[in-house]
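Inspection log for the structure reproduced underneath, given as structure tokens.
The values are calculated or read from the model by the stated rules, or taken from the named source; none is laboratory data. Here the structure is a predicted model, which means the values were calculated and not measured. Here the Cβ positions follow ideal geometry from the backbone for every residue, glycine too, while neighbour counts run over all protein chains shown. Just the protein is used for accessible areas: all its heavy atoms, side chains included, with ligands, DNA and RNA removed. Shrake-Rupley method; radii C 1.70, N 1.55, O 1.52, S 1.80 Å.
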Amino acid sequence: MRTALLQSSGRPGSIAENLKVLDEAAGRAAAAGAGLLVAPEMFLTGYAIGDDVPRLAEPADGDSADAVAETASRHGVAIAYGYPERAGEQVFNSAQLISADGTRLANYRKTHLFGCFERDHFTPGDQPVVQTELNGLRVGLMICYDVEFPENVRAHALAGTDLLVVPTAQMHPFQFVAQSVIPVRAFENQMYVAYVNRVGQEGEFEFVGLSTLAGPDGVARARAGHGEELVFADADPAALAASREANPYLKDRRPDLYGSLV
């Protein structure tokens, strides 16, 4: 499945403008034959929006989700995007995947909140593995800091995730995560990992870009720079199967030895 990575910070604070950016990117992705477009963490509203988080938060099936569904169905491409999700009195840092026909397939709430800003504004999610089927692949969702916990990604591997989609707001000086950690996560868990970042300065945060789609061989199939980009790479089920046969980490595990880890 050709996957498009939208490395952009959009227009922080403006949902309407970010929906326009997403629509334009969806058109380009579809024209390039992509089956999936992935946007960064909190793309719908912007990340560094402070006390506007509760004001701009929406339900998973809210007006913006309907707008993204319309964009997906009009262009014929699935879309994964980050947004602040309101559920009653709680607000979650969430990512949602909508199919190419506009169906809401999966919604994930970030389980590991990073830093004071996130802990002050969001409730942590409590479901570590969220998956769906898309174009012959089992797709899992995770958000930014979540992927830095090896147990988290291994849980996806054991649940059969083929492509782990990770909307991200990775900031300076942690660019080594995109450059080094993500390819290792893909290799040690024998999956594809699509890690899609914001760029530029937002408030106190400097986002570093470097979005990547890493393969199960640990090789980056696509790597963006530090600016706004739309990059493409393929997640190939046949290559995944061959890699899993050659690198049988999951089959060679010895869970009886690991009890002390949990």
Output for Cβ contacts, cut-off 6 Å, separation at least six or different chains, first residue over 20 Å from residue 95 (Cβ atoms) in region 24-45, second at pLDDT 95 or above and surrounded by fewer than 24 Cβ atoms within 10 Å (Cβ to Cβ), reads 27/75; 28/230; 30/75; 30/76; 32/232; 33/2
When (1) open to solvent by 10 Å² or more (accessible area, probe 1.4 Å); (2) on the phi > 0 side of the Ramachandran plot are applied to residue 149, the one that fails is (2)
- Query: Taking the condition open to solvent by 10 Å² or more (accessible area, probe 1.4 Å) and at pLDDT 95 or above, does residue 131 pass?
  - Reply: yes
